[in-house]
Each structure stands twice: as structure tokens, then as C-alpha cells.
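For reference, the structure is listed below as C-alpha cells.
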Amino acid sequence: MTTHNDCSEISRSQLSVEEALELLLAQSRPIADSERVPTRSGLGRVLAESVVSTIDVPGWDNSAMDGYAVRSADLAASGGRLPVSQRIPAGVVGPPLESGTAARIFTGAPVPAGADTVVIQESCTIDGDWVQVPPDIEAGANIRRTGEDIAAGSQVIPAGIRLRAQHLGLAASVGAAELTVCRRLRVAVFSSGDELVMPGTPLGPGQIYNSNRFTLIGLLEELGCEVRDLGIVRDTLDATMEALAEAAERSDLILASGGVSVGEEDHVKPAVERLGSLDLWQIAMRPGKPLAFGHLGAARTPFIGSPGNPVSLFVTFCLFARPFIRRMQGIVGSVRPAAVTAEVGFTWPRPAKRREFQRARLEPDKDSRPRLSLYPNPSSAVLSSVAWANGLAVIPEGRVLKAGDPIEFIPFSELTG
Ligand code: AMP
Ligand code: MG
């Protein structure tokens, strides 16, 4: 039922984006469970226990180049002409270098005891079993020192970071075959709306495809979440309550799109209120003004409901749900997206009432200066704009902009994944 009370909801004072995020993060609790996984399977997981090296990397002084290992003190007396006394490929440990000789050596091979310098092969002249090294060789050159990357006993990866490929490589470089990671976050999702059908089904009159399901699940999977999809939920109180009750059962978090306004077809608010508690926030931003946040059931499973508008869903997920999720996942340190300052390559002639998160591209202009451009259609109902953009331009409320003005830009690398 639409009542006059709905108006009081809408006119309730609006939260700033920062206030809303602050309120959300204050309620986000990291999940405590962790598990051991093979290092090979650690990609995208959050490290629960820091990786400490038991070895030096490199484990011994080794050659940085293919060339000749010498004692620099021998060079003056010999005029740089030395017999080659041994050959040391990678993986072989040669005997100590006889004085007055050179060792043929290859990249990564241990420098033999006694040698202190490697001369690169390109600057040497070979004459049978002899090598002529050039004058003015820098003593100590072309040797990678024991422990110069990692010293035994040092922490190589701190707990609380999401593992990228380079972290897995680093863990492997110290011999870690397994890693202790936080359990994957289990997130239940559903999409509310009688008009929604799934791709693969022909559209009937008034129907649209459920795009939010794909956006939302993709965003969650990019964050390494285990997603439980409860599908499309019809616009009735019963159906919404049923979906929420099922979602709350085995999930750490519930995300829903659509039905969070206060119209008579919007059932999320009353449904969550019956099963737990809910705040419906009006946030001074566009798109994505209403955001529902609540808790369900005995376990007080957190619930975040975004508007159904596909651009609003994307923006509210990136700005609010993602930081909340990252904190739950066990990320240590800032979980907020970081903005950079960039110059606009457009004008914004009418001051915005609410802060705008416009779909934008930061790209070099013809003089290679980074410039922001906006998607031609600024409407927040145009999902094409999100696929086109590489980030969100933050248009401050109450200001006009002319070309060259600096504003904040949040690249997608800070908003997704
Ligand atoms: P609502 O938040 O339910 O009022 O929906 C706002 C707008 O978003 C309406 O135009 C809906 O048709 C559209 N919408 C809602 N849910 C979805 C969805 N899952 N996929 C695509 N569009 C949606
Ligand atoms: Mg709806």
C-alpha cells in the first residue's frame, strides 16, 4: 500500500556517501574461518596467515648474466687475459675458482667461491681456452647477492591481502606449497521484479531481461565469493519473505536488486522488517539514492538491497557492497575505493543537486594528457554506459564544470575485483 508515510521516508534527511559507507563498514565483521589450500589454488583468495620465508632468496650469490666469473684482483696482473678453468651452467655448483683463471658461467648459476665479479659474454673475446676481458671492469658486477630479494625469517606476504598471480609466484619462490586463506564468503542473491525474465526465454509484453543477475553474480565472482543464486523473485510480500528466509539459511550475506523503494510494488523493506531489521537509507547521490541495509534471522545475516535500475545496482555495489564484502572477507587495511584527481574534457553546465557518479573514461588526449570524458547519454538507466566506461567520474554537488577543471575519478580497478 502506498500511504502518506512513504513521503516521510523520502523526505527523511539524506546521508552523504561517506556517512553511508561509514555506517555500513561499522557493521561489517570479518569471517573467522580459514582453510589450507594448495598455493596453485590461491588466486583471488584472502590470505589469513602471513607467509614467512624459511630460506634466503637467492639462496647463494649467483650470476645475473651469461659470461665469465673472475677474481677482480687477478685482472691487473694478467692484462685481463685468463684461461677458462671450468664451466658452470645453472643448477650446478662448481669448485672454488683457481686463482688467475676465469669460469664460464650462465645466468642463475652459483658464483664459484673466490670469484667476485661476472663479466658479460658480449664484452669478452674468446681465444680457444682463453678469455680476454676488457679493462675497467667494475668489481662485484653482475652478481645477485644471497638474500637480496628475501632474507630467511622475513615476512613475504602479509595476512589480509587478496592474492594475485604475483603473490602466488612469490609464495612459491620461498617454497610454500600451501597457503592459509580465509573461507570464501557465501553470498545469496536474488532479483525482484514481475517484469523480469531470463535470457533464453522470449520477451512477453512489458517484460525485460534480468541483466542484474549477471552483473551482480559477475561482480561477486570477481571478488572471489561463492554465489548462491535464488533467481527471480516476484513482487509479492510472501515471495520476497520466502526468498529472504531461504537466503538467510546458509549465507554470510544476502544481496538483492530491485524492490527497495517505497512504492506499493516494493516489498523488500516490509519483508526484511518482518524477518529482522532494516534501514532504508536515502543517500545524496545519483544514481542509487535508496539503499536498504538490514539483518535477518537469528544469525543476523547482513542484507544489502540495491535499486533495480541496472546502473544504480552497479554503482551501489561498487561503492557500498564491495567495501562491506572486502571487510567481511578479511581484507586488512583500507577497503574503500581510492579516487585519483583528473581533468575533465567536458563541461557540466548545471549544478547537480546530488553527487553524481557518471560513467566516464580516463584516457590520454591528443597531447597524451589524461582527460575525462563522459558517456554521451548521462541517464542512469543506460547500462551501455557502464560497459563503455573505465571508471566513475565524481561530479560534486552544486558545481558547474568547465574543461580542464580537476575532479575525482575512481577507476574500475578500485571498484571491481
Ligand atoms: P525497482 O528498483 O524494482 O523499482 O526497479 C527500477 C528499474 O530497474 C525498473 O525499470 C526495473 O524494470 C529495472 N530492473 C529491476 N530489476 C532489474 C533486473 N534484475 N534487471 C534489469 N532491470 C531491472
Ligand atoms: Mg521493481
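Numbers below:
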read-out	value
Kirkwood-based shape ratio for the stretch 281-417, expressed as Rg/Rh from alpha carbons	1.01
Length added when fully stretched, Val37-Thr107, from 0.36 nm per residue minus Cα-Cα	21.9 nm
Rounded D (µm²/s) - the stretch 1-144, Kirkwood Rh over Cα pairs, Stokes-Einstein at 25 °C, 0.890 mPa s	120 µm²/s
The chain: relative contact order as a whole-number percent, Cα under 8 Å and 6+ apart	16 percent
Max mean-square fluctuation residue, GNM over the chain, Cα-Cα springs under 10 Å, options Gly231, Gly160, Gly206	Gly206
Distance from the stretch 42-94 to the stretch 306-321 (C-alpha centre basis), Å	52 Å
Length gained when the stretch Ala387-Arg274 is fully extended (0.36 nm per residue, less Cα-Cα span)	37.0 nm
Relative contact order (%) - the stretch 309-417, alpha-carbon pairs under 8 angstrom, separation at least six	36 percent
Packing-based ranking, highest mean first, of 87-96, 393-402, 305-314 given that Cβ atoms within 10 Å are counted	305-314, 393-402, 87-96
Kirkwood-Stokes translational diffusion coefficient of the stretch 210-333, alpha-carbon pairs, 20 °C, 1.002 mPa s, µm²/s	148 µm²/s
Long-range tail of P(r) for the chain (Cα pairs > 32 Å, %)	54 percent
Calculated [θ] (222 nm, deg cm²/dmol) that DSSP helices of n ≥ 4 give over the chain, each run adding -39,500 (n - 2.57)	-5500 deg cm²/dmol
Over 15 Å [Cα-Cα, the stretch 80-135], rounded percent	42 percent
Relative contact order (%) - the stretch 225-329, alpha-carbon pairs under 8 angstrom, separation at least six	24 percent
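No value in this document is a laboratory result; all are computed from the given coordinates. Keep in mind that what you see is a predicted model, and the values were worked out from it rather than measured. Quick reminder, even Gly has a Cβ in these numbers, built from the backbone with ideal geometry, and neighbours come from all protein chains shown.
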